[in-house]
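Structure first, then comments.
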Amino acid sequence: MANVVANVVPIERLCEHVGETVTLQGWLYHKTGKGKLHFLQVRDGTGICQAVVFRGNVPDEQFEAAKELTQESSLRLSGEVKADPRAPGIPGGYEVDVRGLEVVQIADPYPISPKEHGVEFLMQNRHLWLRSSRQWAAMRVRAVIVRAIRDWLDGHGFLNVDTPILTPAAAEGTTTLFSIDYHGEPAYLAQTGQLYNEANIFAFGKVYCFGPTFRAEKSKTRRHLQEFWMVEPEIAFCDLDGLMEVEEQFVSYIVQRCLAECDAELKVLERDLTHLQKVTPPFPRIHYDEAVQRINAAAAAGELVPGYDDPVPAIEWGDDFGSPHETYLAAQFDKPVFVHHYPTQVKAFYMEPEPGRPEVCRSVDLLAPEGYGEIIGGSERMSDAQKLVEAIERHKLPREVYEWYIDLRRYGSVVHSGFGLGVERTVAWVCGLDHVRETIAFPRTLTNMRP
Ligand code: 4AD
Ligand code: MG
(Lines give C-alpha, C1' and ligand atoms only; values in the text may rest on other atoms or scores of the structure.)
(Ligands and ions follow the chains in the order given, each with its own letter.)
Protein backbone atom coordinates (compact mmCIF):
# COMPACT_ATOMS: atom_id res chain seq x y z
CA MET A 1 0.00 0.00 0.00
CA ALA A 2 2.69 2.47 0.97
CA ASN A 3 3.90 3.01 -2.57
CA VAL A 4 0.48 3.92 -3.95
CA VAL A 5 -0.26 6.72 -1.50
CA ALA A 6 1.29 9.12 -3.98
CA ASN A 7 -1.62 8.20 -6.23
CA VAL A 8 -4.30 9.51 -3.89
CA VAL A 9 -7.22 10.88 -5.88
CA PRO A 10 -10.00 12.99 -4.38
CA ILE A 11 -13.43 11.45 -4.90
CA GLU A 12 -14.67 14.51 -6.76
CA ARG A 13 -11.98 13.83 -9.39
CA LEU A 14 -12.62 10.09 -9.86
CA CYS A 15 -14.29 10.85 -13.21
CA GLU A 16 -10.85 11.74 -14.61
CA HIS A 17 -9.36 8.36 -13.64
CA VAL A 18 -11.68 5.74 -15.12
CA GLY A 19 -9.77 2.53 -15.77
CA GLU A 20 -6.84 3.59 -13.58
CA THR A 21 -5.78 2.20 -10.23
CA VAL A 22 -6.03 4.89 -7.59
CA THR A 23 -5.79 5.28 -3.83
CA LEU A 24 -8.55 6.78 -1.71
CA GLN A 25 -8.18 7.80 1.90
CA GLY A 26 -11.11 8.70 4.04
CA TRP A 27 -13.76 7.47 6.41
CA LEU A 28 -16.48 4.86 6.29
CA TYR A 29 -19.85 6.54 5.87
CA HIS A 30 -21.96 3.44 5.52
CA LYS A 31 -21.51 -0.26 4.82
CA THR A 32 -23.70 -3.02 3.34
CA GLY A 33 -23.05 -6.40 1.78
CA LYS A 34 -22.95 -10.04 2.60
CA GLY A 35 -21.07 -13.22 1.83
CA LYS A 36 -18.28 -12.49 -0.57
CA LEU A 37 -19.02 -8.78 -1.05
CA HIS A 38 -18.77 -5.62 1.00
CA PHE A 39 -20.07 -2.32 -0.34
CA LEU A 40 -18.28 0.47 1.48
CA GLN A 41 -19.53 4.04 1.17
CA VAL A 42 -16.35 6.02 1.67
CA ARG A 43 -16.16 9.77 2.13
CA ASP A 44 -12.97 11.77 1.83
CA GLY A 45 -14.12 15.35 2.30
CA THR A 46 -14.64 15.96 -1.42
CA GLY A 47 -17.43 13.44 -1.97
CA ILE A 48 -18.71 9.96 -1.25
CA CYS A 49 -18.11 6.92 -3.40
CA GLN A 50 -18.84 3.25 -3.32
CA ALA A 51 -15.90 0.91 -2.92
CA VAL A 52 -16.63 -2.73 -3.70
CA VAL A 53 -14.59 -5.34 -1.82
CA PHE A 54 -14.86 -8.78 -3.41
CA ARG A 55 -13.37 -11.66 -1.48
CA GLY A 56 -11.26 -13.02 -4.34
CA ASN A 57 -9.72 -9.60 -5.09
CA VAL A 58 -8.03 -8.81 -1.77
CA PRO A 59 -5.92 -10.81 0.70
CA ASP A 60 -8.12 -12.73 3.18
CA GLU A 61 -7.06 -10.68 6.20
CA GLN A 62 -8.09 -7.50 4.38
CA PHE A 63 -11.49 -8.95 3.55
CA GLU A 64 -11.91 -9.81 7.25
CA ALA A 65 -10.78 -6.29 8.21
CA ALA A 66 -13.48 -4.81 5.99
CA LYS A 67 -16.05 -6.74 8.01
CA GLU A 68 -14.89 -5.05 11.20
CA LEU A 69 -15.14 -1.49 9.87
CA THR A 70 -17.51 0.67 11.90
CA GLN A 71 -19.11 3.95 10.86
CA GLU A 72 -16.44 6.68 10.68
CA SER A 73 -13.50 4.28 10.82
CA SER A 74 -10.58 5.76 8.91
CA LEU A 75 -9.12 3.80 6.03
CA ARG A 76 -7.05 3.81 2.92
CA LEU A 77 -7.79 1.69 -0.12
CA SER A 78 -6.63 1.17 -3.65
CA GLY A 79 -8.43 -0.19 -6.66
CA GLU A 80 -9.62 0.38 -10.17
CA VAL A 81 -12.05 3.20 -10.97
CA LYS A 82 -15.13 2.08 -12.87
CA ALA A 83 -17.82 4.24 -14.41
CA ASP A 84 -21.28 3.00 -13.55
CA PRO A 85 -24.22 5.36 -13.79
CA ARG A 86 -26.02 3.42 -11.02
CA ALA A 87 -23.16 3.74 -8.52
CA PRO A 88 -24.42 5.70 -5.50
CA GLY A 89 -22.44 8.54 -3.96
CA ILE A 90 -21.70 12.21 -4.27
CA PRO A 91 -21.43 13.03 -7.12
CA GLY A 92 -22.03 9.29 -7.85
CA GLY A 93 -21.58 7.40 -11.09
CA TYR A 94 -18.12 6.00 -10.25
CA GLU A 95 -17.00 3.19 -8.00
CA VAL A 96 -13.75 1.62 -6.97
CA ASP A 97 -13.10 -2.09 -7.39
CA VAL A 98 -10.92 -2.61 -4.32
CA ARG A 99 -7.57 -4.46 -4.54
CA GLY A 100 -6.02 -3.32 -1.28
CA LEU A 101 -7.47 -2.11 2.03
CA GLU A 102 -5.72 -0.64 5.05
CA VAL A 103 -7.66 0.18 8.22
CA VAL A 104 -6.19 3.26 9.88
CA GLN A 105 -8.42 3.31 12.95
CA ILE A 106 -11.56 1.45 13.96
CA ALA A 107 -13.94 4.14 15.22
CA ASP A 108 -15.77 3.85 18.54
CA PRO A 109 -19.57 3.54 18.25
CA TYR A 110 -20.50 6.79 16.53
CA PRO A 111 -23.15 8.94 18.21
CA ILE A 112 -24.71 10.21 14.99
CA SER A 113 -26.37 7.33 13.20
CA PRO A 114 -28.41 7.57 10.00
CA LYS A 115 -31.60 7.75 12.13
CA GLU A 116 -33.23 11.08 13.04
CA HIS A 117 -31.69 13.18 15.82
CA GLY A 118 -32.96 16.33 17.50
CA VAL A 119 -31.31 19.63 16.61
CA GLU A 120 -30.12 20.21 20.16
CA PHE A 121 -28.26 16.91 20.18
CA LEU A 122 -26.79 17.63 16.77
CA MET A 123 -25.66 21.11 17.81
CA GLN A 124 -23.92 19.67 20.88
CA ASN A 125 -22.15 17.34 18.50
CA ARG A 126 -21.48 19.98 15.87
CA HIS A 127 -17.85 18.84 15.67
CA LEU A 128 -19.13 15.50 14.38
CA TRP A 129 -22.32 16.63 12.69
CA LEU A 130 -20.21 18.56 10.16
CA ARG A 131 -19.33 15.21 8.59
CA SER A 132 -22.96 14.54 7.59
CA SER A 133 -23.67 15.04 3.93
CA ARG A 134 -26.11 17.97 4.26
CA GLN A 135 -23.74 19.86 6.53
CA TRP A 136 -20.87 19.05 4.23
CA ALA A 137 -22.84 20.35 1.26
CA ALA A 138 -23.76 23.62 3.00
CA MET A 139 -20.15 24.35 3.97
CA ARG A 140 -19.00 23.67 0.42
CA VAL A 141 -21.62 26.06 -0.97
CA ARG A 142 -20.52 28.62 1.59
CA ALA A 143 -16.93 28.35 0.36
CA VAL A 144 -18.05 28.89 -3.24
CA ILE A 145 -20.08 31.93 -2.16
CA VAL A 146 -17.05 33.39 -0.40
CA ARG A 147 -14.91 32.75 -3.47
CA ALA A 148 -17.52 34.32 -5.76
CA ILE A 149 -17.72 37.38 -3.49
CA ARG A 150 -13.99 37.96 -3.68
CA ASP A 151 -13.73 37.21 -7.39
CA TRP A 152 -16.49 39.64 -8.32
CA LEU A 153 -15.17 42.46 -6.17
CA ASP A 154 -11.52 41.91 -7.10
CA GLY A 155 -12.56 41.82 -10.76
CA HIS A 156 -14.52 45.07 -10.54
CA GLY A 157 -11.89 47.40 -9.16
CA PHE A 158 -12.57 47.00 -5.43
CA LEU A 159 -9.53 46.87 -3.17
CA ASN A 160 -9.74 44.56 -0.17
CA VAL A 161 -8.83 46.65 2.87
CA ASP A 162 -9.75 44.94 6.12
CA THR A 163 -11.02 46.89 9.09
CA PRO A 164 -10.47 46.47 12.84
CA ILE A 165 -12.41 44.11 15.04
CA LEU A 166 -11.62 45.92 18.27
CA THR A 167 -13.36 49.28 18.10
CA PRO A 168 -14.02 52.22 20.41
CA ALA A 169 -17.47 53.12 19.03
CA ALA A 170 -20.86 51.74 18.00
CA ALA A 171 -21.97 51.95 14.38
CA GLU A 172 -25.14 49.87 14.25
CA GLY A 173 -26.92 50.85 17.47
CA THR A 174 -25.82 50.56 21.06
CA THR A 175 -28.15 47.71 22.04
CA THR A 176 -26.20 44.91 20.35
CA LEU A 177 -22.67 45.72 21.46
CA PHE A 178 -20.31 43.12 22.87
CA SER A 179 -18.14 45.03 25.33
CA ILE A 180 -14.60 44.16 26.18
CA ASP A 181 -11.90 45.64 28.35
CA TYR A 182 -9.14 47.20 26.24
CA HIS A 183 -6.47 47.63 28.89
CA GLY A 184 -8.79 49.59 31.10
CA GLU A 185 -10.55 51.43 28.27
CA PRO A 186 -14.01 50.31 27.13
CA ALA A 187 -14.06 48.77 23.67
CA TYR A 188 -16.44 46.73 21.54
CA LEU A 189 -16.29 43.93 19.03
CA ALA A 190 -17.01 45.35 15.58
CA GLN A 191 -20.65 45.33 14.44
CA THR A 192 -19.51 46.50 11.00
CA GLY A 193 -16.37 47.73 9.26
CA GLN A 194 -18.28 50.42 7.45
CA LEU A 195 -17.01 53.55 9.18
CA TYR A 196 -13.42 52.54 8.45
CA ASN A 197 -14.39 51.61 4.89
CA GLU A 198 -15.57 55.17 4.48
CA ALA A 199 -12.10 56.42 5.42
CA ASN A 200 -10.57 53.90 3.03
CA ILE A 201 -12.53 55.03 -0.06
CA PHE A 202 -10.87 58.44 0.15
CA ALA A 203 -7.55 56.64 -0.15
CA PHE A 204 -8.50 53.85 -2.57
CA GLY A 205 -11.77 54.74 -4.35
CA LYS A 206 -13.63 51.43 -4.15
CA VAL A 207 -12.93 49.08 -1.26
CA TYR A 208 -14.35 46.16 0.63
CA CYS A 209 -13.75 44.58 3.97
CA PHE A 210 -14.69 41.00 4.67
CA GLY A 211 -14.63 39.46 8.08
CA PRO A 212 -16.48 38.39 11.18
CA THR A 213 -18.84 40.86 12.84
CA PHE A 214 -20.46 40.65 16.22
CA ARG A 215 -23.90 41.53 17.53
CA ALA A 216 -25.26 40.75 20.96
CA GLU A 217 -28.72 40.04 19.53
CA LYS A 218 -31.14 39.32 22.34
CA SER A 219 -33.76 37.70 20.15
CA LYS A 220 -33.72 34.10 19.16
CA THR A 221 -34.61 33.85 15.47
CA ARG A 222 -33.60 31.68 12.56
CA ARG A 223 -31.86 34.65 10.89
CA HIS A 224 -29.65 35.97 13.70
CA LEU A 225 -26.27 34.87 14.95
CA GLN A 226 -24.07 36.57 17.53
CA GLU A 227 -21.05 36.22 15.26
CA PHE A 228 -21.51 36.34 11.51
CA TRP A 229 -19.49 37.16 8.41
CA MET A 230 -20.22 40.21 6.38
CA VAL A 231 -18.71 41.54 3.18
CA GLU A 232 -18.95 45.31 2.96
CA PRO A 233 -18.17 47.14 -0.27
CA GLU A 234 -17.97 50.95 -0.15
CA ILE A 235 -17.82 53.22 -3.20
CA ALA A 236 -16.79 56.87 -3.68
CA PHE A 237 -18.87 58.99 -6.08
CA CYS A 238 -21.77 56.55 -5.94
CA ASP A 239 -25.40 57.37 -5.11
CA LEU A 240 -28.32 55.18 -4.12
CA ASP A 241 -29.24 54.20 -7.70
CA GLY A 242 -25.63 53.32 -8.48
CA LEU A 243 -25.52 51.23 -5.34
CA MET A 244 -28.55 49.17 -6.32
CA GLU A 245 -26.98 48.45 -9.71
CA VAL A 246 -23.83 47.16 -8.04
CA GLU A 247 -25.83 45.02 -5.62
CA GLU A 248 -27.95 43.33 -8.27
CA GLN A 249 -24.91 42.51 -10.40
CA PHE A 250 -23.03 41.21 -7.38
CA VAL A 251 -25.81 39.03 -5.96
CA SER A 252 -26.71 37.61 -9.38
CA TYR A 253 -23.09 36.66 -9.96
CA ILE A 254 -22.86 34.88 -6.61
CA VAL A 255 -26.03 32.86 -7.24
CA GLN A 256 -25.06 31.95 -10.80
CA ARG A 257 -21.61 30.79 -9.63
CA CYS A 258 -23.28 28.48 -7.11
CA LEU A 259 -25.53 27.07 -9.83
CA ALA A 260 -22.50 26.49 -12.04
CA GLU A 261 -20.21 24.99 -9.39
CA CYS A 262 -22.39 23.38 -6.73
CA ASP A 263 -24.46 20.91 -8.67
CA ALA A 264 -23.70 17.94 -6.39
CA GLU A 265 -24.07 19.99 -3.19
CA LEU A 266 -27.41 21.51 -4.18
CA LYS A 267 -28.67 18.03 -5.05
CA VAL A 268 -27.71 16.74 -1.60
CA LEU A 269 -29.61 19.69 -0.14
CA GLU A 270 -32.58 18.91 -2.42
CA ARG A 271 -32.66 22.55 -3.40
CA ASP A 272 -35.32 23.59 -5.90
CA LEU A 273 -33.19 25.47 -8.43
CA THR A 274 -35.97 27.20 -10.33
CA HIS A 275 -35.98 30.19 -7.94
CA LEU A 276 -32.23 30.58 -8.11
CA GLN A 277 -32.14 30.41 -11.91
CA LYS A 278 -34.28 33.56 -12.05
CA VAL A 279 -31.76 35.62 -10.10
CA THR A 280 -30.49 37.93 -12.84
CA PRO A 281 -30.44 41.73 -13.06
CA PRO A 282 -32.42 43.91 -12.83
CA PHE A 283 -34.18 43.36 -9.50
CA PRO A 284 -37.51 45.04 -8.72
CA ARG A 285 -37.29 48.23 -6.62
CA ILE A 286 -40.02 49.51 -4.35
CA HIS A 287 -40.19 52.56 -2.12
CA TYR A 288 -40.89 52.02 1.58
CA ASP A 289 -44.19 53.95 1.11
CA GLU A 290 -45.30 51.44 -1.49
CA ALA A 291 -44.17 48.54 0.67
CA VAL A 292 -46.34 49.79 3.53
CA GLN A 293 -49.32 50.17 1.20
CA ARG A 294 -48.88 46.64 -0.13
CA ILE A 295 -48.58 45.19 3.39
CA ASN A 296 -51.60 47.03 4.71
CA ALA A 297 -53.71 46.08 1.69
CA ALA A 298 -52.80 42.43 2.28
CA ALA A 299 -53.51 42.76 6.01
CA ALA A 300 -56.92 44.33 5.31
CA ALA A 301 -57.76 41.50 2.92
CA GLY A 302 -56.78 38.91 5.55
CA GLU A 303 -54.04 37.41 3.37
CA LEU A 304 -51.72 34.86 4.97
CA VAL A 305 -47.95 35.12 5.13
CA PRO A 306 -46.72 32.69 2.45
CA GLY A 307 -45.51 29.48 4.07
CA TYR A 308 -47.19 30.28 7.42
CA ASP A 309 -50.70 30.06 8.81
CA ASP A 310 -50.62 33.59 10.22
CA PRO A 311 -52.28 36.58 8.59
CA VAL A 312 -50.07 39.42 7.32
CA PRO A 313 -49.86 41.90 10.22
CA ALA A 314 -50.68 45.55 9.46
CA ILE A 315 -47.87 48.08 9.84
CA GLU A 316 -47.81 51.72 10.87
CA TRP A 317 -45.92 54.06 8.54
CA GLY A 318 -42.58 54.73 10.24
CA ASP A 319 -42.09 51.28 11.75
CA ASP A 320 -39.44 48.82 10.70
CA PHE A 321 -40.55 45.59 9.05
CA GLY A 322 -40.85 42.40 11.03
CA SER A 323 -39.96 39.14 9.37
CA PRO A 324 -43.61 38.37 8.36
CA HIS A 325 -43.65 41.70 6.48
CA GLU A 326 -40.40 40.91 4.72
CA THR A 327 -41.60 37.42 3.85
CA TYR A 328 -44.87 38.76 2.45
CA LEU A 329 -43.16 41.49 0.40
CA ALA A 330 -40.51 39.22 -1.02
CA ALA A 331 -43.13 36.67 -2.05
CA GLN A 332 -44.71 39.24 -4.38
CA PHE A 333 -41.69 38.97 -6.68
CA ASP A 334 -39.78 36.10 -8.23
CA LYS A 335 -36.38 37.75 -7.67
CA PRO A 336 -34.80 39.49 -4.71
CA VAL A 337 -36.48 42.86 -4.19
CA PHE A 338 -35.01 46.21 -3.17
CA VAL A 339 -36.93 48.23 -0.62
CA HIS A 340 -35.53 51.76 -0.50
CA HIS A 341 -36.13 54.97 1.44
CA TYR A 342 -36.86 53.57 4.88
CA PRO A 343 -37.93 55.98 7.63
CA THR A 344 -34.90 57.78 9.00
CA GLN A 345 -35.97 56.94 12.55
CA VAL A 346 -35.48 53.17 12.11
CA LYS A 347 -32.10 53.38 10.40
CA ALA A 348 -28.52 54.08 11.47
CA PHE A 349 -27.28 57.61 12.16
CA TYR A 350 -24.98 57.84 9.12
CA MET A 351 -27.60 57.50 6.38
CA GLU A 352 -28.24 60.44 4.04
CA PRO A 353 -31.72 61.91 4.45
CA GLU A 354 -33.73 62.36 1.25
CA PRO A 355 -33.46 66.01 0.16
CA GLY A 356 -36.80 67.75 0.79
CA ARG A 357 -38.14 64.75 2.71
CA PRO A 358 -35.83 64.13 5.66
CA GLU A 359 -38.21 61.69 7.39
CA VAL A 360 -36.97 59.06 4.93
CA CYS A 361 -33.36 58.26 4.13
CA ARG A 362 -31.43 57.08 1.12
CA SER A 363 -31.19 53.52 2.40
CA VAL A 364 -31.89 50.23 0.68
CA ASP A 365 -32.37 46.69 1.91
CA LEU A 366 -32.35 43.69 -0.38
CA LEU A 367 -34.93 41.05 0.56
CA ALA A 368 -34.34 37.52 -0.65
CA PRO A 369 -37.23 35.42 -1.96
CA GLU A 370 -38.80 32.41 -0.23
CA GLY A 371 -38.88 33.93 3.24
CA TYR A 372 -35.13 34.44 3.71
CA GLY A 373 -35.57 38.12 4.50
CA GLU A 374 -32.98 40.86 4.40
CA ILE A 375 -29.65 39.70 3.05
CA ILE A 376 -28.20 43.16 2.36
CA GLY A 377 -28.44 46.46 4.18
CA GLY A 378 -26.92 49.54 2.62
CA SER A 379 -27.27 53.26 1.98
CA GLU A 380 -25.93 56.47 0.65
CA ARG A 381 -23.89 58.02 3.48
CA MET A 382 -24.26 61.45 4.95
CA SER A 383 -21.67 63.60 3.18
CA ASP A 384 -22.12 66.91 5.02
CA ALA A 385 -20.12 67.42 8.23
CA GLN A 386 -22.70 69.63 9.96
CA LYS A 387 -25.62 67.28 9.25
CA LEU A 388 -23.54 64.38 10.52
CA VAL A 389 -22.71 66.16 13.78
CA GLU A 390 -26.43 66.77 14.31
CA ALA A 391 -27.24 63.12 13.62
CA ILE A 392 -24.58 61.95 16.09
CA GLU A 393 -26.06 64.26 18.72
CA ARG A 394 -29.62 63.18 17.94
CA HIS A 395 -28.59 59.56 18.43
CA LYS A 396 -26.86 60.50 21.72
CA LEU A 397 -23.55 59.02 20.55
CA PRO A 398 -20.28 60.22 22.16
CA ARG A 399 -18.95 62.74 19.64
CA GLU A 400 -15.25 62.40 20.62
CA VAL A 401 -14.92 58.89 19.22
CA TYR A 402 -16.51 59.93 15.92
CA GLU A 403 -14.38 63.03 15.36
CA TRP A 404 -12.19 61.24 12.80
CA TYR A 405 -15.33 60.08 11.00
CA ILE A 406 -16.64 63.64 10.80
CA ASP A 407 -13.21 64.65 9.45
CA LEU A 408 -13.88 62.57 6.33
CA ARG A 409 -16.55 65.16 5.43
CA ARG A 410 -14.04 68.01 5.78
CA TYR A 411 -11.40 66.96 3.29
CA GLY A 412 -12.85 66.34 -0.15
CA SER A 413 -16.27 65.02 0.82
CA VAL A 414 -18.15 63.23 -1.96
CA VAL A 415 -21.41 61.35 -2.41
CA HIS A 416 -20.62 57.80 -1.41
CA SER A 417 -22.49 54.60 -0.71
CA GLY A 418 -21.98 51.07 0.46
CA PHE A 419 -23.64 47.96 1.70
CA GLY A 420 -23.14 44.86 3.79
CA LEU A 421 -24.10 41.37 2.65
CA GLY A 422 -24.51 38.76 5.36
CA VAL A 423 -22.79 35.54 4.32
CA GLU A 424 -24.87 33.24 6.53
CA ARG A 425 -28.24 34.50 5.31
CA THR A 426 -27.01 34.26 1.74
CA VAL A 427 -25.88 30.67 2.32
CA ALA A 428 -29.23 29.82 3.95
CA TRP A 429 -31.09 31.20 0.95
CA VAL A 430 -28.92 29.56 -1.73
CA CYS A 431 -28.97 26.22 0.10
CA GLY A 432 -32.65 26.43 1.10
CA LEU A 433 -31.83 25.96 4.81
CA ASP A 434 -34.36 26.81 7.53
CA HIS A 435 -31.90 28.26 10.01
CA VAL A 436 -28.61 30.17 9.84
CA ARG A 437 -27.07 27.88 12.46
CA GLU A 438 -26.38 25.37 9.66
CA THR A 439 -24.58 27.90 7.46
CA ILE A 440 -21.39 28.29 9.51
CA ALA A 441 -19.19 25.55 10.89
CA PHE A 442 -19.41 26.56 14.55
CA PRO A 443 -22.39 28.89 15.02
CA ARG A 444 -22.64 31.30 17.92
CA THR A 445 -26.31 31.63 18.84
CA LEU A 446 -28.06 33.33 21.73
CA THR A 447 -28.15 30.09 23.70
CA ASN A 448 -25.09 28.28 22.48
CA MET A 449 -21.39 28.89 21.99
CA ARG A 450 -20.20 25.29 22.41
CA PRO A 451 -18.33 23.45 21.03
O1 4AD B 1 -28.20 45.86 7.81
P2 4AD B 1 -26.92 45.73 8.59
O3 4AD B 1 -26.98 45.90 10.05
O4 4AD B 1 -25.93 46.75 7.90
C5 4AD B 1 -24.70 47.12 8.35
O6 4AD B 1 -24.09 46.63 9.24
C7 4AD B 1 -24.08 48.17 7.47
N8 4AD B 1 -23.04 48.85 8.24
C9 4AD B 1 -23.51 47.52 6.24
C10 4AD B 1 -22.89 48.51 5.33
O11 4AD B 1 -23.61 49.33 4.78
N12 4AD B 1 -21.61 48.47 5.14
O13 4AD B 1 -26.29 44.30 8.30
C14 4AD B 1 -25.99 43.92 6.98
C15 4AD B 1 -26.34 42.45 6.75
C16 4AD B 1 -27.82 42.12 6.92
O17 4AD B 1 -28.55 42.42 5.77
C18 4AD B 1 -27.76 40.64 7.19
O19 4AD B 1 -27.59 39.91 5.99
C20 4AD B 1 -26.49 40.51 8.00
O21 4AD B 1 -25.70 41.63 7.70
N22 4AD B 1 -26.76 40.46 9.44
C23 4AD B 1 -26.78 39.34 10.17
N24 4AD B 1 -26.60 38.06 9.84
C25 4AD B 1 -26.66 37.13 10.82
N26 4AD B 1 -26.87 37.42 12.11
C27 4AD B 1 -27.06 38.70 12.51
N28 4AD B 1 -27.25 38.98 13.79
C29 4AD B 1 -27.02 39.73 11.51
N30 4AD B 1 -27.15 41.08 11.54
C31 4AD B 1 -26.98 41.50 10.26
MG1 MG C 1 -30.22 45.90 8.18
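The figures follow:
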read-out	value
Estimated inter-spin distance, ASP407 and THR175, nm [label 7 Å along Cα→Cβ]	3.3 nm
Signed unit charges on C-beta, dipole axis of segment 234-287, positive-most listed residue LEU273, LEU243, ILE286	LEU273
Cut-off under 5 Å, modelled amide H: who pairs with ILE90 long-range	ILE48, CYS49
Segment 212-302: trypsin sites (Lys or Arg not before Pro) in DSSP loop, at most 13 other beta carbons within 10 Å	LYS218, LYS220
With every protein chain in place, segment 11-105: carbon and sulfur % of accessible area (1.4 Å)	50 percent
Partners for LYS278 among aspartates and glutamates (Cα-Cα distance below 20 Å; same-chain residues under 8 apart left out)	GLU245, GLU247, GLU248, GLU261, ASP263, GLU265, GLU270, GLU326, ASP334, ASP365, GLU370, GLU374
Computed [θ] at 222 nm, deg cm²/dmol, the chain (DSSP H ≥ 4; -39,500 (n - 2.57); rounded to nearest 500)	-8500 deg cm²/dmol
Descending principal axes extents, segment 239-356, alpha-carbon based, whole Å	48, 39, 21
Over 19 Å (Cα to Cα) - which of LYS220/LYS335; LYS31/LYS67; LYS206/LYS335; LYS206/LYS396; LYS34/LYS67 fall in this group	LYS220/LYS335; LYS206/LYS335; LYS206/LYS396
Loop-located GluC sites (Glu not before Pro) in segment 251-335 whose Cβ has at most 14 other Cβ within 10 Å (DSSP)	GLU270, GLU303, GLU316
Rg(Cα)/(2.2 N^0.38 Å) for segment 11-105, N = residue count	0.95
From phi via Karplus (6.51, -1.76, 1.60), per-residue ³J(HN,Hα) for segment 338-345 in Hz, x at Gly/Pro	8, 10, 10, 6, 5, x, 4, 5
Diffusion constant of the chain at 10 °C, which comes from Stokes-Einstein with the Kirkwood Cα-pair radius and 1.306 mPa s, µm²/s	64 µm²/s
Separation of the LEU446 and VAL415 label points, Cα + 7 Å toward Cβ, nm	4.0 nm
Potential lengthening between ALA314 and GLU16 on full extension [0.36 nm per residue; Cα-Cα distance subtracted]	101.5 nm
Neighbour net charge for PHE442 - beta-carbon separation under 11 angstrom, K R +1, D E -1	+3
Dipole moment magnitude, nearest 20 debye, the chain about Cα centre, only Lys, Arg, Asp, Glu C-beta charged	1100 debye
Formal net charge of residues neighbouring GLY242 (Cβ-Cβ distance under 15 Å; K, R +1; D, E -1)	-4
Amide hydrogen neighbours beyond the local backbone of VAL231, cut-off 5 Å, H modeled	LEU421, VAL423
Viscosity 0.692 mPa s, temperature 37 °C, Stokes-Einstein D of segment 292-432 from Kirkwood C-alpha radius, µm²/s	196 µm²/s
List SER417, SER133, ordered by accessible area with a 1.4 Å probe, largest first	SER133, SER417
Solvent exposure of segment 217-297 as accessible area per residue, Å², 1.4 Å probe	45 Å²
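The values are calculated or read from the model by the stated rules, or taken from the named source; none is laboratory data. Since the model is a prediction, treat every value here as computed from it, not as a measurement. Cβ sites come from the backbone with ideal geometry, for glycine too, and all protein chains shown count toward neighbours. Side chains included, ligands, DNA and RNA excluded: accessible areas come from the protein's heavy atoms. Shrake-Rupley method; radii C 1.70, N 1.55, O 1.52, S 1.80 Å.
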